[in-house]
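The structure follows.
The values are calculated or read from the model by the stated rules, or taken from the named source; none is laboratory data. Just so you know, these numbers come straight off a predicted model, no measurement behind them. Cβ: placed from backbone, ideal geometry, glycine included. Neighbour counts: every protein chain shown. Remember, those area values only see protein heavy atoms, side chains included, never the ligands or the DNA or RNA. Shrake-Rupley method; radii C 1.70, N 1.55, O 1.52, S 1.80 Å.
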Amino acid sequence: MPVARTVTPDGDVILLVSGESAAARAAAHAQDDDLTAVIEITDVAPVSVPHRIRGRAWLAGWLTPVRGDDRGTCAALLAERHPVGELLGLGESLDAPHTGRPAWMMLRLEVGEITVDDLWGAEHVDPDDLAAAEPDPVSPHEAELLQHLHSAHGDRIGELCGLLGDRGARGMTAVPLALDRTGLRVRFTGAAAGGSFDARFDFPEPVADICGLRRAMRTLFSAASH
């Protein structure tokens, strides 16, 4: 398991791994880009619901160590996403003289193929789309926000069944399942739901920050209460 990961502007995935890991040893002895690898990412809902796995992604490509001048650039990218813990003083720990195997190694996965199977369906993703994608501003806060909505505003989440039309019914349990800049997904369960189903509530427009998210959520709850 990598300690940290990030994506470069070109769409390469940078991984920070232990110098003693199997991936680090294999990459160190590989010739150029002849080591193929697959990263599997599992997305698990941060709230308690049936079937908590929200999706999986597989990124396949060629794995090489980050070398030379690229090490400083990639270390800075990693530190932007993970500014604490093992990454404090990362540049110095990677560049300092050492004997034996380094404590940490940065690896680069040049992505050639991406497959995603999630709440929206299964499909292939063009690696160029990964390179062009912008990070979702809600993502770093999603787990905390979903847990807060579930524990402190469960009644408001339940009121969203009023926006479901014929699918809405009393007695259903509503749990917020996923949150991003474009909307909220809720899982409804219970006899009235015929088991369980997910409903997506889109915001009027994508939010740019947490302040915008608060406004969008107030608008959504207001619509459900009328």
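Where Rh denotes the Kirkwood radius from the mean inverse Cα pair distance, what is Rg over Rh for segment 113-222?
My calculation puts Rg/Rh at 1.00.
Which peptide among 63-76, 122-135, 42-55 comes first, and what is the full order, when sorted by highest mean count of other Cβ atoms within 10 Å?
63-76, 42-55, 122-135
How much length, in nm to one decimal, is gained on full extension between T36 and H153, taken as 0.36 nm per residue of separation minus their Cα-Cα distance?
Working: separation 117, 0.36 × 117 = 42.12 nm, distance 4.64 nm.
Gain on extension, T36 to H153, equals 37.5 nm.
Rolling a 1.4 angstrom probe over the protein heavy atoms, how many square angstrom per residue are accessible across the chain?
Numbers: 13010 Å² over 226 residues.
With the other protein chains kept in place, the chain gives 58 Å² per residue.
In segment 182-226, what is the volume of the convex hull around the alpha carbon atoms, normalised per residue and reported in Å³?
Cα convex hull per residue, to the nearest whole number: 75 Å³.
May I pose another question? Could you tell me which label, among (i) 1.09; (ii) 1.06; (iii) 0.98, carries the value of Rg/Rh (Cα atoms, Kirkwood Rh) calculated for this structure?
Of the listed options (i) 1.09; (ii) 1.06; (iii) 0.98, (ii) comes from this structure.
Assign unit charges at the C-beta atoms only (+1 for Lys and Arg, -1 for Asp and Glu), then state the dipole size of the chain relative to its Cα centre in Debye, rounded to the nearest 20.
1180
Follow-up question, since we're still on this one. If you take the C-alpha gyration tensor of segment 10-66, multiply each eigenvalue by 5 and take the square root, what semi-axes do you get, largest first, in whole Å?
Equivalent ellipsoid semi-axes, largest first: 29, 13, 9 Å.
Starting from the Kirkwood Rh over alpha-carbon pairs, what translational D in µm² s⁻¹ does segment 110-170 have by Stokes-Einstein at 37 °C and 0.692 mPa s?
Diffusion coefficient, whole number: 217 µm²/s.
Would you mind telling me the share, in percent, of accessible area of the chain contributed by carbon and sulfur at probe 1.4 angstrom? Can you show the working numbers first?
On the way: 6630 of 13010 Å².
Within the chain, the accessible surface is 51 percent carbon and sulfur.
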